Amino acid sequence: MEPIVQEIFELVKVKMREQAAYSRDAYREVVEETIEYYKEKGYLTDDDNDEFIEEQLLDQWEWLQEKVYSEE
């Protein structure tokens, strides 16, 4: 995973825990919000492939569910 994608993923995990949101739909929404946040802050630009980044993050759902949420 690219460093920026990993950074976004870490923030997504924090937001998911804070919101106690553990569904796939909630995960998708948090991913989209976090990507938008990174764009607003200038960490992502129009040159970045948002769709690819989002796809990489969404592909992490099963891992997140197995490794993180199963521990709660």
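The values are calculated or read from the model by the stated rules, or taken from the named source; none is laboratory data. Computed from a prediction, not measured in an experiment: that's the story for all the values here. Here Cβ is always computed from backbone atoms with ideal geometry, including for glycine, and neighbour counts include all displayed protein chains.
When Leu57 is tested against (1) touching a Leu at 6+ places or on another chain (Cβ under 8 Å); (2) surrounded by 15 or more Cβ atoms within 10 Å (Cβ to Cβ), exactly one condition is not met: (1).
Applying the criterion of being aromatic (Phe, Trp, Tyr) and either surrounded by fewer than 17 Cβ atoms within 10 Å (Cβ to Cβ) or not in a helix (DSSP H, G or I) (or both) to the residues of segment 1-39, the residue that is modelled with the lowest pLDDT is Tyr22. Pairing residues of segment 45-56 that are assigned to a loop (DSSP other than H, G, I, E, B) with residues that are surrounded by 15 or more Cβ atoms within 10 Å (Cβ to Cβ) and not β-branched (Val, Ile, Thr), at Cβ distances under 9 Å and at least 6 apart in sequence or on separate chains, gives Asp48/Tyr38. Among the numbered conditions (1) in contact (Cβ under 8 Å) with a residue 12 or more places away in the chain; (2) surrounded by fewer than 15 Cβ atoms within 10 Å (Cβ to Cβ), the only one that Trp63 does not meet is (1). If the condition is being among the basic types (Lys, Arg) and within 12 Å of the chain's Cα centre (by Cα), then segment 18-59 contributes Arg24, Arg28.
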